[in-house]
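Student: Please see the structure below; I have some questions.
The values are calculated or read from the model by the stated rules, or taken from the named source; none is laboratory data. What you see is a predicted model, and the numbers here were worked out from it, not measured in a lab. Virtual Cβ from ideal backbone geometry, glycine too; neighbours counted across all protein chains shown. These accessible areas exclude ligands, DNA and RNA; they are computed on the full protein's heavy atoms, side chains included. Shrake-Rupley method; radii C 1.70, N 1.55, O 1.52, S 1.80 Å.
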Amino acid sequence: MNKLTTYSIKEIHKSFRDKLLTPTSFVDLCIQRARQTKELNAFINITDEEAENHAIESEKRVYVEKKSKPLDGITIAIKDNFCTKNIHTTCASNMLKNFVPTYDATVYSRLIGSGACLVGKSNLDEFAMGSGTVDSIFGPTRNPWCYSEDWRISGGSSGGSAVAVATGSCVAGIGSDTGGSTRNPAALCGVVGLKPTYGLVSRYGLIPLVNSMDVPGILTRNIDDLIVILNCVAGPDILDSTTIKKDFKPIKIIDDIDMSKIKIGIPSEYYCEGMSEDVLDVWRSVADLLENEKCQVCTVSLPHTSVSIAVYSILNQCEVASNMARYDGLEYGLRASEDYSTEELYASTRSEGFNNVVRSRIFAGNYFLLSRNYDKYFLKALKLRRLIADDFNKVFHGENSVDLLLTPTTLSEAPLYKDFTSKHNRDQCAFQDYCTQPANMAGIPAISVPIRLSKNNLPLSIQLMGPTLSEELMLNVAKKIETTLTSETLKNLNVSIENLPQKCQNLLQQAAESQSVLEIDNLDSVSISLHRSREISEKLQDEYEILKLKQRNAELQAKIDRNNRSLQELRKELESSKQSLTRQNPNPDNIQDHIKQLKQKLTSYEENYEKAKSKYAVLSVPEAVLPKSLISQVTSLLALQEEATSLKQRADDISLMKEARETFNRLRR
């Protein structure tokens, strides 16, 4: 992986300021990376032209207008169920294969308005119905952690966005989260995934699956980047009536957060059948870590968790049946050729446009909504959903309440593709989303944080859930976990944080130099980028040293000019004093005061002379750069010494005159 494309937002912007990178060059690197990992199938469409246009606009703001935005030059991937004006939005389905929206989703427009650059539209399960990103008409998305003949799934349904972030094809990805569709792929691909509070981020322009549960999600490689993205997209939207109407207060990381005041709950019901030993071990280790950080950790109960997945499945399929009714072949999307009757047009269009997973959910949803089944299934599921939400309310706001909940994100590491597809889609969703879907039914925020690798060297993550609008507390705790884990890893490696980047860079440079000596044609991208970065860095370092010398020259010349002006003013003042003394009658008192003033000025200028002399002695500047300024300073100092000698002689003459006057007066008496 190209090291430059894995920088954080803060590091990227620093590289822009230092001119090690520019927005256009960084976007080119990300697009190159996206093409290099094409076999993973993370993108449905790579938007080269849009990315270049966005990068050029960012470059103008950064270097010309000097008014940069928080995401200038930052590359993003958007899940292909968010509308993007004049760019295909397919939902990975034949039904919308040729659909080109005429408007932008609010999330996308806010990102572009903050300076982000769109690399491409990412792959997903058809209409976001799945937990593996394997049911797309463009093919499945593969997990980058284990890509071989027996490859593993990336998680779903936002698997494309997760893989794009994990491979360095973009800095951040946007997904949708209905029952864990952002957190699930984030956990399986080893990145951070956030599901915000329902209504905190606008759903306008997100092609709906389950209106009451859909939430735009964010995927990044670290917590800091996630906070930057969330601060750019969150807030009320007049185009979405379901958004929270009060203004959004940007989230900040608290450096000295007092963990002893935070109470963490461990839901006993989340320890269920099918959970792997690796996942259980990670869950325990993070709980121990939080206890070591002085958090209060206790066991809590969410009694209706056991029915949660059944309730989610019923409500999901009911709303799917309602939302899919719009795709009838008349207004937009696919239209079948059988049009001799309206019923036949509907049936043939949906048969050709939808896959088996979508059609089965439509059938099931319509069955649950039949008049004879409405009370038995749909209304009962709504009542149980309320009980599930009440469980969270009691845990967060009732007696012996806790601030956050700690659970696994998934019950296992990423499964093999052949194992995943051997089971029914409904069964896989029930297993993969067991820990994630309750948060969607309650509308509360949740985040998946990568912790470590399993015995098979695959990512394992944990999940934090909090009450409504508790994103700031939840993200601060997640950041503490991330920081503590990083420190422990470096400690185990016996490498200090300060030395790690330079040491790693030196090793990579040595590898690149070895390849160059052997004249290997197929240099890897890391070696190429390091060679280029080193050449640019050396050139900039030389220019920087010359610039520093010129700046020191200018500063010294300015000081010499000020000294010259001071000397000129002193000459004028001395000349005026001489003229004044010649016009005055000798008066011992006036003469003595004047002598004191002259001595003070002489002392002051002698001090200035010594300071200038000491600065000249330690100044390490080549003679070729500052000859004129130094000669001018020496000449000025010599003139100052001559003036001082003249003043001293004048003072002696005045003193002698005073003594003569006193002697004359004494003789007269």
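Student: Could you give each residue of region 356-370 its phi-based ³J(HN,Hα) in whole Hz, using Karplus coefficients 6.51, -1.76, 1.60 with θ = phi - 60°, and x for Gly or Pro?
Tutor: Computed from phi, the couplings for region 356-370 are 5, 5, 5, 5, 5, 5, 5, 4, 5, x, 5, 5, 5, 8, 4 Hz.
Student: Under 18 Å from a point 7 Å along the Cα-to-Cβ line of Glu65: which residues of region 90-120 have their amide N that close?
Tutor: 109-118
Student: Just to be sure I understand: of the beta bridges DSSP finds with both ends in region 9-511, what percent are antiparallel, rounded to 5? The partial results should precede the final answer.
Tutor: Numbers: 31 of 46 bridges.
Given both bridge residues lie in region 9-511, the antiparallel proportion sits at roughly 65 percent.
Student: Also, quick follow-up: Send over a whole-number figure in Å² for the accessible area per residue of region 9-511, probe 1.4 Å.
Tutor: Values: 20910 Å² over 503 residues.
Averaged over the residues of region 9-511, the accessible area is 42 Å².
Student: Please list 158-166, 84-92 highest first by mean number of surrounding beta-carbon atoms within 10 Å per residue. Mind dumping the intermediate values first?
Tutor: Working: 158-166: 34.3, 84-92: 20.9.
Top to bottom by mean Cβ count within 10 Å: 158-166, 84-92.
Student: Could you work out what % of the accessible surface of region 40-110 is carbon and sulfur, using a 1.4 angstrom probe and leaving DNA, RNA and ligands out of the count?
Tutor: On the way: 1350 of 2930 Å².
Summing carbon and sulfur atoms, their accessible area is 46 percent of the total for region 40-110.
Student: Okay, moving on. Using R₀ = 60 Å, calculate the FRET efficiency as 1/(1 + (r/R₀)^6) where r is the Cβ-Cβ separation of Phe99 and Gln557; round to 0.05.
Tutor: On the way: r = 67 Å, r/R0 = 1.11.
Efficiency computed from Cβ-Cβ geometry: 0.35.
Student: Run the quick spin-label model on Leu280 and Lys648: label points 7 Å from Cα toward the beta carbon, then report their separation in nm to one decimal.
Tutor: Taking the two extended label points, one gets 9.4 nm.
Student: Still on this model: Where the centre of each part is set by its Cα atoms, how far does region 18-69 sit from region 334-399, in angstrom?
Tutor: Each part's Cα centre sits 40 Å from the other's.
Student: Taking 0.36 nm per residue of sequence separation and subtracting the Cα-Cα distance, how much length would be gained by fully extending the chain between Lys380 and Arg17, in nm to one decimal? Could the numbers behind the result be given before it?
Tutor: Details: separation 363, 0.36 × 363 = 130.68 nm, distance 5.84 nm.
Separation in residues times 0.36 nm, less the Cα-Cα distance, equals 124.8 nm.
Student: For region 136-147, in order, what is each residue's ³J(HN,Hα) by Karplus, 6.51 cos²θ - 1.76 cosθ + 1.60 with θ = phi - 60°, in whole Hz (x at glycine and Pro)?
Tutor: My calculation for region 136-147 gives 9, 5, 9, x, x, 9, 9, 6, x, 7, 8, 9 Hz in order.
Student: Separate question: Under a crude label model (7 Å from the Cα following the beta-carbon direction), how far is Leu370 from Ser655 in nanometres?
Tutor: 12.3
Student: Carbon and sulfur: what percent of region 259-362's accessible surface (1.4 Å probe)?
Tutor: Details: 2340 of 5020 Å².
Percent of accessible area from carbon and sulfur atoms in region 259-362: 47.
Student: With just the Cα atoms defining each centre, how far is region 199-215 from region 436-458? Give it in Å.
Tutor: 20
Student: Leaving out ligands, DNA and RNA but keeping every protein chain, what accessible area does Leu556 have, in Å² rounded to the nearest 10, with a 1.4 Å probe?
Tutor: 30
Student: Full-extension gain between Glu52 and Ser401, please, as 0.36 nm times their residue separation minus the C-alpha to C-alpha distance. If you can, show how the numbers build up before the last one.
Tutor: On the way: separation 349, 0.36 × 349 = 125.64 nm, distance 5.03 nm.
So the extension gain works out to 120.6 nm.
Student: For a protection proxy built on the mean count of beta-carbon atoms within 10 angstrom, sort 448-459, 469-480, 645-656 highest first, please.
Tutor: Details: 448-459: 18.7, 469-480: 21.0, 645-656: 13.2.
Listed from highest to lowest mean packing, they are 469-480, 448-459, 645-656.
Student: Based on the mean of other Cβ atoms within 10 Å per residue, sort peptides 52-58, 191-197, 9-15 so the most packed one is first. If you can, show how the numbers build up before the last one.
Tutor: Working: 52-58: 19.4, 191-197: 28.3, 9-15: 17.7.
Sorting 52-58, 191-197, 9-15 by mean packing, highest first, produces 191-197, 52-58, 9-15.
Student: Same structure, new question: Non-local amide H neighbours of Ala446 (under 5 Å, H modeled in plane, Pro and chain starts lacking H): which ones?
Tutor: Here Lys195 satisfy the definition.
Student: Classify region 144-295: rounded, prolate or oblate, from the alpha-carbon gyration tensor (a ≥ b ≥ c, eigenvalue square roots; a/c under 1.5 rounded; otherwise prolate if a/b is larger than b/c)?
Tutor: Values: a/c = 1.60, a/b = 1.12, b/c = 1.43.
Judged from the Cα gyration tensor, region 144-295 comes out oblate (a/c at least 1.5, b/c at or above a/b).
Student: Same structure, new question: Which value, in debye to the nearest 20, describes the size of the charge dipole of region 9-511 about its Cα centre when Lys and Arg Cβ atoms bear +1, Asp and Glu Cβ atoms bear -1, and nothing else is charged? Walk me through the numbers on the way to the answer.
Tutor: Values: 52 positive and 59 negative charges, 108 e Å.
Roughly 520 debye, rounded to the nearest 20.
Student: Leu453 versus Glu569, label points 7 Å from Cα toward the beta carbon: distance in nm?
Tutor: About 7.0 nm, to one decimal.
Student: If a/c stays under 1.5 just call it rounded; otherwise compare a/b with b/c (prolate if a/b is bigger, oblate if not). Do that for region 9-511, with a ≥ b ≥ c from the square roots of the Cα gyration tensor eigenvalues. Show your work: numbers first, answer last.
Tutor: Numbers: a/c = 1.56, a/b = 1.13, b/c = 1.38.
Note, shape of region 9-511 comes out oblate.
Student: Also: Using θ = phi - 60° and the Karplus form 6.51 cos²θ - 1.76 cosθ + 1.60, what ³J(HN,Hα) does each residue of region 389-405 get, whole Hz, x for Gly and Pro?
Tutor: These are the phi-based 3J(HN,Hα) values: 5, 5, 4, 5, 4, 5, 5, 8, 10, x, 5, 6, 5, 10, 8, 9, 10 Hz.
Student: While we're looking at this one, here's another question. Which entries in the list Lys79/Lys423; Lys14/Lys97; Lys14/Lys252; Lys69/Lys263 go over 30 Å, if you measure between the two C-alpha atoms of each? Don't skip to the end; give the middle numbers.
Tutor: Numbers: Lys79/Lys423 25 Å; Lys14/Lys97 40 Å; Lys14/Lys252 20 Å; Lys69/Lys263 37 Å.
From the list (Lys79/Lys423; Lys14/Lys97; Lys14/Lys252; Lys69/Lys263), the Cα-Cα distance tops 30 Å for Lys14/Lys97; Lys69/Lys263.
Student: Could I ask something else about it? State the extension gain, in nm to one decimal, for the chain segment bounded by Leu416 and Glu39, taking 0.36 nm per residue of separation less the distance between their alpha-carbons. List each step's numbers first, then the result.
Tutor: Working: separation 377, 0.36 × 377 = 135.72 nm, distance 1.67 nm.
Full extension from Leu416 to Glu39 adds 134.0 nm.
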